[in-house]
Amino acid sequence: MRGLALIPLSILIVAAAGVALCKIAGWRIGASGLLVAGISSAVAAGLAFVPLLLVRGGSQAAQAQAALVGTMVHLFIAIVVTGAVLLLKPPVAGSFVYWMLAFYWTTLTVLVVSFTRSVRLSSATSVPANKQ
């Protein structure tokens, strides 16, 4: 799964671009917010691949359903982490939301491209489990 390798790379690229933008604009970077958002986004995106790994080699319908569940896992983990950070109100919370937003959309894009590729490459026809 190439998508698993692209997740950390995409997070690093977005972080570098964000830090450069903050430096140019003179904004505070919020390194702790960046770190927490980056790690939580990487974990959420990594766990989103689990449903697809469980049905590897399955039918195209099973792959599509696993991809849908994977995007929901990604969303729910991102919401829970963001909610926890905002409720606890640590010093990280100020910049965290902005970093999390950037990382969420970046990792979601990588997930959707990977899931679409997986569904497209799977077989549209398969023998149902009860007919074998």
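Observations, loosely collected:
- Restricting segment 38-60 to residues that are under 30 Å from Pro91 (Cα atoms) and hydroxyl-bearing (Ser, Thr, Tyr), the residue that is surrounded by the fewest Cβ atoms within 10 Å (Cβ to Cβ) is Ser40.
- Where helices (runs of 4 or more DSSP H) fall entirely within segment 1-107, those with at least 3 residues that are within 13 Å of the chain's Cα centre (by Cα), of a type outside the set (Asp, Glu) and closer than 30 Å to Arg120 by Cβ are at 2-25, 31-48, 60-88.
- Among the residues making up segment 38-59, a single one is polar (S, T, N, Q) and over 23 Å from Ala84 (Cα atoms): Ser59.
- For segment 86-118, the set of residues classified as more than 21 Å from Arg56 (Cβ to Cβ) and small (Gly, Ala, Ser) consists of Ala93, Gly94, Ser95, Ala102, listed by residue number.
- Residue within segment 23-37 that is among the charged types (D, E, K, R) and closer than 26 Å to Gly83 by Cα present: yes
Residues checked against (1) within 20 Å of Met100 (Cα to Cα); (2) surrounded by fewer than 20 Cβ atoms within 10 Å (Cβ to Cβ); (3) of a type in the set (A, V, I, L, M):
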site: Leu12; (1), (2), (3): yes, yes, yes
site: Cys22; (1), (2), (3): yes, yes, no
site: Val36; (1), (2), (3): yes, no, yes
site: Ala62; (1), (2), (3): no, yes, yes
site: Ala67; (1), (2), (3): no, no, yes
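- Taking residues in segment 50-73 that are over 21 Å from Thr107 (Cα atoms), and partners anywhere that are modelled with pLDDT under 95 and surrounded by fewer than 16 Cβ atoms within 10 Å (Cβ to Cβ), the pairs with Cβ atoms closer than 6 Å and at least 6 places apart or on different chains are Ser59/Ser126; Gln60/Ala124.
The values are calculated or read from the model by the stated rules, or taken from the named source; none is laboratory data. Remember, it's a predicted structure, so these values are computed and weren't measured experimentally. Neighbour counts are summed over all protein chains in view; Cβ atoms, including those assigned to glycine, are modelled from backbone coordinates with ideal geometry.
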